[in-house]
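Peer 1: What follows is a structure written as structure tokens; I'll ask about it next.
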Amino acid sequence: MINSGSSLFFADMTSASAPDRIQESLPPAMKAVVLTEPSPAEKIRLTDYPVPKVRLGWVLVRVKAFGLNHSEQLLRLSEIQTDYIQKPIIPGIECAGEIIDPSDSTFVRGQKVVALMGGMGRSFNGSYAQYSLLPAHHVFPVLTRLSWEETAAVPETYFTAWGSLFECLRLKAEDVLLIRGATCALGYAALQLAKALGCKVIATTHRREKIHLLKNADAAVLDDGSLTKKLQASAFPPITKALDLVGSRYLKDTLTAVAKGGIVCSTGILGGIYSLNGFDPIKDIPNGVYLTGFFSNYPTAQTMADIYSFLDHHNLTPSIGAVYPFSHIAQALYDMDSHKIDGKIVIRVN
């Protein structure tokens with residue numbers, strides 16, 4: 001006999017198992033974005049795809065919303081051609097949703113969760129779908145006041161910002177933080193977290209028309225590639241920490257922009273250059289300055305809980321540029337590719 005709330009019922013031990021019954025209650029097919037070849041936004045269509053069959057070590061999640069990311073654009077436009085990407089593949093490296101089938105995990109059906117990284121959308125099917133079968137160790141429970149769309153704007157973007165600021169830069173309230181390339185979803189998240197902590201923040205953009213988007217920073221600077229000279233000629237206080245989201249293109253300049261004893265974290269690749277040929281660590285890293293980087297492939301349940309707790313404690317709402325229904329995914333991807341949206345783009349699925 002099983003107690004379910006206030007009602008009692010006898011289980012038929014000869015009937016199908018719970019996972020089988022759950023699977024039987026689901027539709028046989030779902031809507032999903034399925035890639036087999038390079039696909040610009042205008043070629044994206046929702047197609048019918050089988051609902052995944054649950055297996056041990058994996059949980060089935062009903063996707064409520066997911067964010068769009070630059071790495072998914074890279075996959076869609078070029079990386080899909082590589083041998084290490086299984087094809088067909090459903091892209092998407094993050095999502096927010098609810099557990100439909102917990103399999104052998106400690107999750108319970110209906111539990112609110114987020115998932116990110118760990119091979120999502122590359123090694124196995126990701127979040128551009130109504131249902132996603134995900135390894136339990138990369139699915140994390142969340143307790144938050146945020147809506148589904150707001151919850152979905154957090155995982156990859158805020159995890160990367162959080163790791164860059166607190167694990168790599170060891171950011172403290174008394175720091176003066178430089179965010180180079182701040183007018184992107186990751187930049188907005190880092191700015192929000194740093195200001196909530198109490199830091200002074202100098203934020204940059206290379207586009208004059210986007211300066212106004214950095215109104216929450218203590219100073220907004222137009223970046224022409226020679227930031228060190230511009231900062232030295234100003235009345236800005238010495239920079240103790242720097243988050244470089246532009247990447248290799250201006251990394252040497254960022255290293256000389258911080259004060260002795262400062263730390264630079266190189267996290268983004270907005271500059272479009274992925275490696276730095278001819279980089280000489282002995283000559284190019286100033287004495288007493290430290291260089292690190294953050295790789296966002298290893299989230300933990302504790303870190304994700306800390307992020308949502310921090311947002312709730314400080315009454316912060318993730319910066320969302322736009323929300324699109326799943327049926328308009330092609331338009332959302334086109335707008336992302338065309339840089340039409342300032343901030344995180346979120347897709348509402350259910």
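Bear in mind that the values in this text are calculations on the coordinates, not laboratory data. Predicted model only: the values in this text are computed from it and were never measured. In this analysis, Cβ positions are derived from the backbone assuming ideal geometry, glycine residues included, and neighbour counts consider all displayed protein chains.
Peer 1: Show me the three semi-axes of the equivalent ellipsoid for the chain, from the C-alpha gyration tensor (sqrt of 5 times each eigenvalue), largest first, rounded to whole Å.
Peer 2: 40, 22, 18
Peer 1: Right, here's the next one. With springs only between Cα atoms under 10 Å, which of Lys43, Lys210, Lys195 fluctuates most in a Gaussian network model of the chain?
Peer 2: Top of the fluctuation ranking is Lys43.
Peer 1: Shifting gears a bit: Just to be sure I understand: with springs between alpha-carbon atoms less than 10 Å apart, which residue in Leu186, Leu316, Leu116 has the highest mean-square fluctuation in the Gaussian network model of the chain?
Peer 2: Maximum fluctuation in the GNM of the chain, among the listed residues, is at Leu316.
Peer 1: Looking at Thr256, His138, Ser234, which one has the Cα that reaches farthest to the positive end of the dipole of the chain (charges on Cβ: Lys, Arg +1; Asp, Glu -1)?
Peer 2: Farthest along the dipole direction, towards plus: Ser234.
Peer 1: Oh, and also: Can you spot the lysines whose alpha carbon is less than 25 Å from Lys87's alpha carbon? Ignore those fewer than 8 places along the same chain.
Peer 2: Lys31, Lys43, Lys53, Lys64
Peer 1: Sticking with this structure for a sec: Tell me, which cysteines of the chain are without a disulfide-compatible partner by the Cβ under 4.7 Å rule?
Peer 2: Cys95, Cys184, Cys199
Peer 1: If you don't mind, another one. Which is the longest stretch in the chain that no exposed loop site breaks, taking sites as chymotrypsin sites (Phe, Trp or Tyr not before Pro) with a DSSP loop state and at most 11 other Cβ atoms within 10 Å?
Peer 2: Details: sites that count: Phe10, Tyr84, Tyr274, Phe295.
Answer from the scan: 85-273.
Peer 1: Add -39500 (n - 2.57) for each DSSP H run of 4 or more in the chain, then divide by its residues: what number comes out at 222 nm, to the nearest 500 deg cm²/dmol?
Peer 2: -6000 deg cm²/dmol
Peer 1: Follow-up question, since we're still on this one. Which one of Phe159, Val63, Ala219 has its Cα pushed farthest toward the positive end of the charge dipole of the chain, where Lys and Arg give +1 and Asp and Glu give -1 at the Cβ?
Peer 2: The listed residue farthest towards the positive side: Ala219.
Peer 1: In the chain, if the dipole is taken from +1 on Lys/Arg beta carbons and -1 on Asp/Glu beta carbons about the Cα centre, which of Gly92, Gln73, Val54 is farthest to the positive end?
Peer 2: Most positive-ward Cα: Gln73.
Peer 1: Restricting the count to DSSP beta bridges whose residues both fall in the chain, what percent are antiparallel, rounded to a multiple of 5? Walk me through the intermediate numbers first.
Peer 2: Values: 31 of 57 bridges.
The antiparallel proportion sits near 55 percent.
Peer 1: Hey, another quick one. With charges set only on the Cβ (+1 for Lys and Arg, -1 for Asp and Glu), what does the dipole of segment 158-293 come to about its Cα centre, in debye to the nearest 20?
Peer 2: Details: 16 positive and 11 negative charges, 43 e Å.
That gives segment 158-293 a dipole magnitude of about 200 debye.
Peer 1: Given an 8 Å cut-off on Cα distances and at least 6 residues of separation, report the relative contact order of segment 158-293 as a percent. Could you put the intermediate results ahead of the total?
Peer 2: Details: 275 pairs, mean separation 31.3, N = 136.
In percent, rounded to a whole number, it is 23.
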